Amino acid sequence: MNETFPGIVIREMPSGENGKLLYVLTADRGVVRINATGARKLTASYLKSVQMFAYSRLTVYEKNGHMTLTEAELIEGFYYIRKDLVALAFASYACEMAYISAVPDDSSVLRLLLNTLYAVSNAIAPINIIKAVFELKLCCVSGLMPDIEDGCAVCGDEAAGFCMNELEPRCAVHAVSGGEFIPLCAAARRIVSFVCGADYSKMLSFRASPDAIEDFCAFCESFMTASMEVNPKTLQFYREISRKQL
Ligand SMILES: [Zn+2]
């Protein structure tokens, strides 16, 4: 049976002599595996539709649970991601996290990744901010939103940051007892609340001081890796690459 649906290529590997195995993030099926026979030798326009990060309309022939690509039409290639090594490293990391987080019957991860790749490709904001917002939003769509506005989990006073061992906010007095502590100034806490509640199209529409941005970025990475219990290789690679470019 033939079927057509849009999706983003979030992972690819060589398969057979000239083929590729594609992992495609879709709106309602989560991540699907598609065999693209001859994908490495065909015309350039077809190649663009099935390369990493491509958002394409894919037609597949499905039999016994196996999908084979029959047609591919590029919707958006996010071409400029490939022009910058830090952008490329981040986009690869975002795709790995999308692969881990996507579930069937929920298009949230697809919409988040599309908005994120668009922001990277069009340089809407610095990569470290796009990365932090992506990490925080991914936690939100996975049901792991941080309860930053509740105050210290021990005494209820204003939170000074977040304890990553317990995954809860703590005041300055109770910060030490909670293990790894990530400080969050008031401005950074406001960004966390804003991003958690913002539409994907507005999630990068905030301004803050460099100090607040620094707190916010450190928090988002720590919170995501701690709450999802992941330490992706692509994140380590991103860290190495971005450190070298400082
Ligand atoms: Zn306290």
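The values are calculated or read from the model by the stated rules, or taken from the named source; none is laboratory data. Note that the coordinates shown come from a computational prediction; the quantities given were computed from them, not determined experimentally. Here the Cβ is made from the backbone with ideal geometry for all residues, glycine too, and neighbour counts use every protein chain on show. For the accessible areas, the whole protein counts, side chains as well, though only heavy atoms, and no ligand, DNA or RNA atoms are used. Shrake-Rupley method; radii C 1.70, N 1.55, O 1.52, S 1.80 Å.
Which members of region 180-215 meet the condition of being among the charged types (D, E, K, R) and open to solvent by 50 Å² or more (accessible area, probe 1.4 Å)? The answer is Glu180, Arg190, Asp199, Lys202, Arg207, Asp211, Glu214.
Yes or no, residue by residue, for (1) of a type in the set (S, T, N, Q); (2) within 16 Å of the ligand (Cβ to nearest atom); (3) at pLDDT 95 or above; (4) within 19 Å of Lys202 (Cβ to Cβ):
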site: Asp106; (1), (2), (3), (4): no, no, no, no
site: Leu138; (1), (2), (3), (4): no, no, yes, yes
site: Val141; (1), (2), (3), (4): no, no, yes, yes
site: Gly151; (1), (2), (3), (4): no, yes, no, no
site: Glu168; (1), (2), (3), (4): no, yes, no, no
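Residues that are within 23 Å of Met97 (Cα to Cα) and surrounded by fewer than 18 Cβ atoms within 10 Å (Cβ to Cβ) within region 159-179 comprise Asn165, Glu166, Leu167, listed in sequence order.
Please find, among Thr225, Thr234, the residue that is assigned by TED's automatic domain parsing to the domain that holds Met97, out of contact with any Ser or Thr (no Cβ under 8 Å at 6 or more places or on another chain) and surrounded by fewer than 20 Cβ atoms within 10 Å (Cβ to Cβ). Spell out how you get there, then give the answer.
Numbers: Thr234 fails: out of contact with any Ser or Thr (no Cβ under 8 Å at 6 or more places or on another chain).
Sole residue among the options that is assigned by TED's automatic domain parsing to the domain that holds Met97, out of contact with any Ser or Thr (no Cβ under 8 Å at 6 or more places or on another chain) and surrounded by fewer than 20 Cβ atoms within 10 Å (Cβ to Cβ): Thr225.
Go through region 170-186 residue by residue and tally those that are more than 11 Å from the ligand (Cβ to nearest atom) and of a type in the set (D, E, K, R). Step through it out loud before you land on a result.
In the first step, residues of region 170-186 are kept if they are more than 11 Å from the ligand (Cβ to nearest atom); the result is 179-186.
Filter again for of a type in the set (D, E, K, R), leaving 180.
Residues flagged as more than 11 Å from the ligand (Cβ to nearest atom) and of a type in the set (D, E, K, R) within region 170-186 amount to 1.
When Ala94, Ala123, Ala132 are checked against the criterion of being more than 24 Å from Glu229 (Cα to Cα) and of a type in the set (Gly, Ala, Ser), Ala123 stands alone in meeting it.
Report yes if some residue within region 187-205 is in contact with a strand residue (DSSP E or B) (Cβ under 6 Å, 6 or more places away or on another chain) and within 16 Å of the ligand (Cβ to nearest atom); otherwise report no. Taking every residue of region 187-205 in turn, none turns out to be in contact with a strand residue (DSSP E or B) (Cβ under 6 Å, 6 or more places away or on another chain) and within 16 Å of the ligand (Cβ to nearest atom).
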